[in-house]
Each structure stands twice: as structure tokens, then as C-alpha cells.
Amino acid sequence: MSHATNTQTFADEVKAIPGGEHLELCYSCGTCVSKCMIQQKLEPDYNPRRLLRMVMMDMRQEAFTSPTTWMCSECDLCYSACPQEIHISQVIAAVKQLAVEAGYQSPLTPVEVNEDLCSGCGICVMVCPYEAPSLFEKEVNGEMDRLSQVDTNKCMGCGICVAACPLGAISREGVSNQEITDQLPIQSTQPPKLVTFICDWSLRESADIDILESYPADLVKVIHIPCTGRIDPQHAMMALDSGAEAVLVCGCKSGECHFKRGNYVATCKMNLLDTMLSQFNFPNKHIRFVQIGTQERGRIRHEIDAMLAEIGVLEVTQ
Amino acid sequence: MVDAARHPRIDVRTYTEVEKVEGFVGNFNVTLREKAKYVLADRCNGCGDCAQACPIEVPNYFEMNLAPRKAVYVPMSQSVPLIYTIDLDACIHCYKCVDACGPLEAIDFSQEDKVVEEEIGAIVVATGFSHFDPSVMEEYGYGVYPNVITSMEMERLNNSAGPTAGNLIRPSDHTNPQKLAFINCVGSRDKRYVQSCSNFCCMYSIKNAVLLKQMNPDVDITIYYIDIRTPSKGYEEFYDRAREMGIHFIQGRPSLITEDEQTHNLFVHSEDIALGRVIEREYDMIMLNQAAIPQPDQGHMSSVLNVAQSPGGWFMEYHPKLRPMDSPTDGIFFAGACQGPKDIPSSVAQGSAASSRASRILHSEKWEIEPTVAVVWPDRCSATTRGKACGICAKVCPYGAINIFDPETPAEVVTAKCHGCGACVAECPEDAITQLHFTDAQILAQMRAVLADEPEKKILAFRCHWCSYGGADLAGTSHFEYTANERGLRVMCSARMDTDFIYEAYRLGAGAVLYSGCHPQDCHYITGQLIGAKRANRLKKIFDRMEMTKGRFRVEWVSAAEGDKYARVLNEMQEVLDNIPPEELKAEIEKLKPQMSKRLRKFPGVPGVQEAMDYSDTLVDAIIHQKETA
């Protein structure tokens, strides 16, 4: 007396992939959706809870074309918040794997490698949190050469590799070196006092963004970057060189990076920069790296004010 | 409560701890520690002059630590009996209370704890529940943001006898909050903290919201929930009323609360599931509905009373549906949330049931028990044969029903305490204990009868009375098809499934044996299944060493609701047998027979077994003869 059939449902396929097992424990409480910042910041249709539901209801095509499948950057904020301990990013990764197998492609803009500049050093392979770049052999002018290539379905566009590439061979629309340096006040007659590089994910609430925008542009210049991992210490030096008195780099709290380990990469870089400047006896070392947690509403104001006070211009704001 | 205290036949003992419970139904011997109050109960009139004079203030537990109390105090103004107590941990021995008490001379610092023994007929346990500490959930900021409080704290703030005389104020600036939110399921339904639903919080938050809305219709109240559970009579109507009053309900478990550092207003981040959108809303004050958890000393209490705990830590009832107020130990009953989180109507119902159960004992001359109790043959006990009792029976008994007073006296079963699981019977290495109606001889006779004819084709299934027997029954009534070669044998508990029975089954040539019982948390005899499981695992290893084909001996825990599982297991076992060529199976059975016989060499010596064997042999002969003539 068995009603079992041999057809495998979409849910069965997802559950068969490691990480997808606990899918059906979801009771749709919505914690993951509100813990994640993608819906508020990027895509109103982004909703992990609904993706899990689509899998359970056998809605294969909808799941494969859902922005949730492609935009999850596996930061795992939702995993630590989920009361059912479902590893949601792994379930989404399982759906994504099936989507790629079915021939779907990521709608995100990936980074591009300029093969004329690439030396095949492999640093991008080491820094990428998503294992998107890999090295391959190619014949160039009759000689075998090693070059980097990027899996466009894995690239989340964080720009960590763009910053890491020693030859500037990698770029992505919106976060290329040129686009960031263009925003710096080079050759400006009235440079701002403070240049702030801000990771778009470190400020959760719109109230905090409002604080950032409340400073006059000739006092604080805000440069948005997708992740502090995108920061190149040269950008900070260039900002000082162009006349700004201080640089503030603002990223997410450790463990809360939207791109898994971008803030870790940034911490290493900023510490190295700090050590280097100390060794040079650099006179005005007003460069600071701060990490703001999701619950620290309003902290950005204190950090900017502290920086302005340090260079003696706080009274201007009051 | 006052009525109870005044009743001539009710003796209220407050500030008293139960230290030891011995004996059995109708004859408990309970040791109580009456803690020193340092105030003489017969002199104190509860006037409170001492508390007024006392200069020491400590947090008041009853007021959720929102208000102070003195070092000499009553827990609350309605305390029964109204006798003050001195908290010596806080007292500085200034003796101002002694002066204040004056001619009553009720204060006596020389008082000491008194240990008394009482003879008790029946015990009702009503120790209640405790609250989950929400400060471990950092995302809600309890203990960090002043305006995030628990609903219990809100109740005190809103109570006319509470610290603010019923004026609900928010802690940060003492203003009246206008925008309030309740958050349900804080810590409950959460695998990281408390897995279960706390049962009453939905109604509790609706009640509080309605109460606040009635007092001030202008306040804006929101309840965040995962699911609203209103399963009892009139509850759904109450939920409807709350919505009609304008209380907002948002389905979506908040993931984060942030605070504005200037105003101390709070921002709740959640998904509105109806909209599928993330929303951020501002509130003046937030109340958390924490999960209900067992009392911190519930484990200690369970060992004092010798009653088991369910997986969540609550006291375990005799039967979850049919006897929720009875403990597995006769004469001990549960009332209220100590057995599991429940609301007031359910607690009242269970309390009434428990007290009527208890009074049934108090009004009985005799107490009837199940007849399937264990009995010791004193002449076979190692205390008699070797002069030293091994004590295994006393160790395995889940009820502590076996007494071994000294090593030279045979074990003694306290019949009133015995529930008839049969653990001691199966474990006794001397076969010195038997269980009435489930004697070795009786079970053996059944085994020989079912294995009389073509035993190598048969699957002998040992089922426990409460679970796997029910599972097999359900498989039958649900028409789940399973192999017709199964032969079921019922015992009360998997703890009774003696190794001798399994060896004997294989010696008789059985094709396969199933060892089945309850899941560990379902065991009807507290820890009987654990004893059975341990033995079954030992048997598995033994049979592996004997190189028996895998699958011929199988151990499965099947609940009474798992008819499908029972059928599946049997079918899988049949498949194992089908996959062994008949000659190979016969050869294996013959090969193992001497080893089984060796392990069974003491078995025929058990009283009744030889007779049962002889008798059943004549039956078996008759069966085979009948078959041949047919």
C-alpha cells in the first residue's frame, strides 16, 4: 500500500545537495528577510523566505529566475538569526547550483579581466570569497601564458579582487579604479576636510545615511564603495595628497561583512598602511578604519565628529 | 488562599523545602526543611512595623526587581500566611526590627532550620515554571536598551499595587509611552534556546494589549507574532475583539531592535509577511514575551520525587493524553505548568483532576495495582546462594521498588511500588526474579508454539505493550501490508526482553528476530527502554561476533503512531530472509545452535521452564502431526 512515485520534486533535488537538507523546517517567520539588507538596499523582490517556499511548492522556474537565487552573497547574517537553524544561504546556493545546471545565468555584472595586463599571479584567486576567479593556460603570441578568468555565475561584484590586483587588470563597472579616483578631490581648489569611504552595507538604517548626507560637501566628501575590501590604500593616500586632512574608512563589524571576508581584507590593509606610515614618520596620520555593527544606530555621527575634532574643525559643524 | 490557610484540615507550610521522599503510594515518608524565618509564626501579626524600621533595601523579586523590599519582608502583600521573614543575607543585625516589634517579641534571631518528617498519603506537585532570560538574545537589546522590558515587568508597572501604582511609564525618562509593541516567541519556538511553543503567550500578549488599550484608547499597540495560536473556547473571539479595538498585528518575527541614543525610542526591524516587505517601525517601549521554561531546580526536584523529566525538562506525565495529571510513580500527581507550559484554565483543570486523584488514594482502604508485578525467589538470589547480593535488580529498577537492606538478605520487591516493566526479571543474572503473567515459562511456551513449524521462515517480533504493539496494531487497522511470516509476542516493556528469549528463539531455528519498543522519550516505565536498548546493543555485538547475517536480528523503536514504520521494518526483514538461499540459512542456523545452547545452559533450571518446554513439545508434536495427516 504505497503511494510513492519515482518523480523527484524540486524540493527533493535541493535537499539532496549538502546544505539544502533542512529546508522544510522553515515556518515562515520572516527573520531572515528582515535581517538581510538586500531587500531594503537593492532589490524589493529579494526574499529568502519566499524562495524557500517556492522550492517547497515545486515552483522551479520562478525560483531560478528569482533575484534571491542570484543576489545572496552568503554573508550568513540570516543563518545566525534563524530560530530553526536553517543554513539559508546554503539552501539558496543549492537552488543556484541547480539553476546554473539548468542553463540559467547570473544577472549581476561580474568583474572583467583585461588579459593584456594580467600576469597570472593568482592573487585574485586567493582573495576572492566566492572562488570566482581561476587561472588557465592560453597561447599568446606562440607562447603558453597563464591568465585569470572569472566565473560570471560566482562573481558577486564586491570588487575585492579589483583592489587586490597589483596590475590593475581587473575592473567592474561602477567600482573601477578610475571611477573611484575620479571622485577624489584631486586638483580641487577647495578640498574637503574629510574624505569618507563608506561601505554601503555598514549603515543599516536610512537614518544613518541621512546623517552622512547632512554634512556639507566641502567639509565631508562621501565616496560609496560596495565593500571595504574594495579599498586600495592608495586611495587613502591620494585623498590626503589632494588636500583632505583626514580619511575615514567605514565598514561592517567583523562577522557581519556582506561579502564574507571583505572587512577582514580591509582590516589587514589598513593595519599595514598604519604601520607603514608610522615607519615613515608621516606627519598628519589622520587615517582611521572603523567597523560599525548592525545595532549601532547613530554611531556614524560620532565617528565623523571625532575625526573632525581630531583635525580641529568640529566647531564648524556646531 | 486565605480560605485554604484557615481550613482545619489544610496545613500550609511556606518557606519549606522538600528534602527527601521515601515510601510508596499511601505511605510516603517525606522529609521537610522548614527554613528559619527568624520571626515567630505564632506571635507575628503581620503589622509591618519591623519592615518600616528596617534600614536595608534590596531588589524585590516579586516586583520583577523594579522596586525595593526591606531585609525583613513578606513576598507580597497578599502573602498567606502573613508572617514576616528576615533575609539574613541582607540583614546587618542592627536589631531595629526588634525594637519596632516591641511587646509582641515576635523576632527571634536564634531560630534555626527545622527538619521534620511527615507521613503523607499522596503528593501533588505544583511547582510552576520560570522565564527565559531574553538578555542572551543580543538582537533584542534587553538589558542594554532601557525601554525594552519583559511583559512580566510591564504587568508590575501596570498594576495598581505595583511600584508605580499602575502608572505605566517607560524606564528611560518616566514618560507614558504612546507607541508600544509586544514581541511574541522570544526564545520559544527557537532551536537555539527553547524549542517548544510556550502555549499561553499569544493569549497573554493579546490580554495585555487589550488591557492597555482599555485604559488608554489613544495608545498605539502592535503585536509581532509568528503564528497566533488561539485554540480554546472563546479565544478566537477575544483575538477578533482585539483587532476590532485597533490593536495592530504584524506577522513577522523581528530580527533586530535598534535604539535612538537621544530619545531612547526603539526601531523594530521585521518582515511584514502579509506584504512580503521589510518594515522598520518606531516605538516608545517594547515588551518581550519570554519563553516559559522549567524551574531552575526542576532536575533536583525530579530526583527527590523520583519522577522523570520530559525532553524539555518538564515533569513527565504517566500518559500524555490519558493520564496527564499522574506521574509514573503512583501517588504523585502534577498540577499546572510544572508538567508543561499551560494557561490558567488548563492549570485549574489539571489541578482539580490531580486533587481528585489524590483524594481517591486518601479515601481507599486498599490500593489496586496491575497484577504484572515482579516476585523474587529468595532461594535463587545470590544473597542466598553466594552470600552476597549482586544488587543489579535494585540498580535497574526505574521506580526504586527493590530493596536490598544488607548483602546477605535476598532482594525484596516493594509490590506497591512495582509497575511491572520486568527490567529486573530480565537483568537478574541468577534468574531469581519472575514477573507474574509474564514468566519465562509462559513466554517460552508462546515462542515454541509460534516457532513450531518451519521456524526458519518465521520472523519473531518482540513488541512492547505500550508502543510497538500499538504500532503493529495500527499497521493492521490501517491495512499496511506486511509479511505474513511475522509472529508477534507481547511483553510489557523492552526491558523485559530477556537475552535468553532471543538466544532461545535462534536455538529453535527462528529466521529472524525483531526487538522493538518505545522511543526513549516515550517509555511508559521512565527508563525501561534505556535498559532494553542497552541490552539490545549488547546482543547486536554478540551476534556480529557470531557472524550472523546482518539483518537477522534487528532493533527498532516504533511508537504506537508509527504503523507504517512497523510494516516497513517487517518487510525489510523479510527481504533479508528472501535474499539468503534456504540451504545457507539452514546451515547458518545449525552452525549457531551450539553457541546459543551454550549461552542457555542455565535456562532450563529456571522454575517452570523445563515443564513449559515439555508441555509445549507435546503441543508442537501435535501441530506437526496434524499438518502431516492433513
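By how many nm would the segment from residue B:105 to residue B:169 grow when fully extended, if each residue of separation counts as 0.36 nm and the alpha-carbon distance is taken off? In short, 18.9 nm is gained.
If you fit an axis through the alpha-carbon atoms of helix B:344-362 and take the longest principal axis of the Cα set of chain B, what angle between them do you get, 0 to 90°, nearest 10? Here the helix axis deviates by roughly 60 degrees. Only helices enter this figure: runs of n ≥ 4 DSSP H residues, each worth -39500 (n - 2.57), summed and divided by the residues of chain B, yield -9000 deg cm²/dmol at 222 nm to the nearest 500. Between residue B:521 and residue A:141, the FRET efficiency from the beta-carbon distance, with R0 = 60 Å, is close to 0.25.
Calculated FRET efficiency, residue B:453 to residue B:408, Cβ-Cβ distance, R0 = 41 Å: about 0.25 to the nearest 0.05. Bridges between two residues of chain B, per DSSP, are antiparallel at a rate of about 55%. As a length-normalised measure over Cα pairs under 8 Å and 6 or more apart, the relative contact order of region B:336-448 settles at 26 percent. Here the label points at residue A:25 and residue A:213, each 7 Å from Cα along the C-beta direction, are separated by 4.1 nm in the simple model. Helix A:88-101 and the long axis of chain A differ in direction by around 70°, with both axes built from C-alpha atoms.
To check you understand DSSP bridge types, tell me what percent of the beta bridges within the protein assembly as shown (both residues inside) are antiparallel, rounded to 5. Walk me through the numbers before you get to the answer.
Numbers: 53 of 106 bridges.
Percentage antiparallel, nearest 5: 50.
Can you list the trypsin sites (Lys or Arg not before Pro) in region B:367-441 that are in a DSSP coil and have 15 or fewer other beta carbons within 10 angstrom? For trypsin sites (Lys or Arg not before Pro) across region B:367-441 that sit outside H, G, I, E and B with at most 15 neighbouring Cβ atoms in 10 Å, the list reads B:386, B:388. Just check region B:455-588 against the gyration tensor rule for me: Cα atoms, a ≥ b ≥ c as the square roots of the eigenvalues, rounded for a/c under 1.5, and otherwise prolate or oblate depending on whether a/b exceeds b/c. Verdict is oblate for region B:455-588.
Put a dot 7 Å past the Cα of residue B:416, heading toward its Cβ, do the same for residue B:549, and the two dots end up 5.4 nm apart.
DSSP beta bridges fully contained in region A:126-284 are about 40 percent antiparallel. Charge tally around residue B:434: other residues with Cβ under 10 Å, Lys/Arg +1 each, Asp/Glu -1 each, net -1.
Among B:130-143, B:426-439, A:253-266, the peptide with the highest mean count of other Cβ atoms within 10 Å heads the list, and the full ranking is A:253-266, B:426-439, B:130-143. Under the combined filter of DSSP loop state and at most 11 neighbouring Cβ atoms within 10 Å, region B:494-550 retains these trypsin sites (Lys or Arg not before Pro): B:550.
Cα axis of helix B:235-244 to longest principal axis of chain B: angle in degrees, 0 to 90, nearest 10? Rounded to the nearest ten degrees, it is 40.
Please compute the net charge surrounding residue A:137, taking Lys and Arg as +1 and Asp and Glu as -1 over other residues with Cβ under 14 Å from its Cβ.
-2
Counting charges near residue A:21 (Lys, Arg +1; Asp, Glu -1) among other residues having Cβ under 13 Å from its Cβ returns a value of -3. Close lysine pairs were tallied over region A:203-318: pairs 8 or more places apart or on different chains with Cα atoms under 19 Å apart number 4.
Spatially, region B:480-499 and region B:208-230 are offset by 54 Å when compared through their Cα centroids.
Across all Cα pairs in region A:10-99, the calculated P(r) in 10 Å bins from zero up to the longest distance comes to 19, 58, 22, 0 percent per bin.
Straight-distance candidates among the lysines for linking to residue B:207, with alpha-carbon spacing under 20 Å and chain neighbours fewer than 8 residues away dropped: B:179, B:233, B:342.
With the convex hull constructed from alpha-carbon coordinates only, region B:93-211 shows a mean projected area of 14.2 nm² over all directions.
Our note on the geometry: Cα centres of region B:365-406 and region A:98-158, 76 Å apart.
Take the alpha-carbon positions of the protein assembly as shown, form their convex hull, and give its projected area averaged over all directions (one quarter of the hull surface) in nm².
On the way: hull surface 231.1 nm².
Over every viewing direction, the Cα hull of the protein assembly as shown projects on average to 57.8 nm².
Rounded, prolate or oblate: pick one for chain B, where a ≥ b ≥ c are the square roots of the eigenvalues of its C-alpha gyration tensor, a/c under 1.5 means rounded, and failing that, prolate if a/b is larger than b/c, else oblate. Because a/c hits 1.5 or more and a/b fails to exceed b/c, chain B counts as oblate. With Rh defined as the Kirkwood radius, the inverse of the mean 1/r over Cα pairs, the Rg/Rh of region B:405-457 is 1.14. Are any of the pairs B:586/B:627; B:321/B:458; B:20/B:602 more than 30 Å apart by Cα-Cα distance, and if so, which? Beyond 30 Å: B:321/B:458; B:20/B:602.
The simple spin-label model puts a point 7 Å past each Cα toward its Cβ; for residue B:263 and residue A:306 those points are separated by 2.6 nm.
Under a model in which nothing but the beta-carbon of Lys, Arg (+1) and Asp, Glu (-1) is charged, the protein assembly as shown shows a dipole of about 1840 debye around its Cα centre. Over all alpha-carbon pairs of region B:141-224, lay out the pair-distance distribution in 10 Å bins, whole %, shortest bin first. It works out to 16, 48, 29, 7, in whole percents.
Take every pair of alpha-carbon atoms less than 8 Å apart whose residues are at least six positions apart; their mean separation over the length of chain B yields a relative contact order of 10 percent.
Of interest is the spacing of the C-alpha centroids, which for region B:578-618 and region B:501-515 amounts to 7 Å.
Any read-out appearing in this document is the output of simple, stated calculations on the displayed coordinates, not a laboratory observation. On a predicted model such as this, the values are computed, not experimentally measured, just so you know. We place every Cβ from the backbone using ideal geometry, glycine too, and count neighbours over all the protein chains shown.
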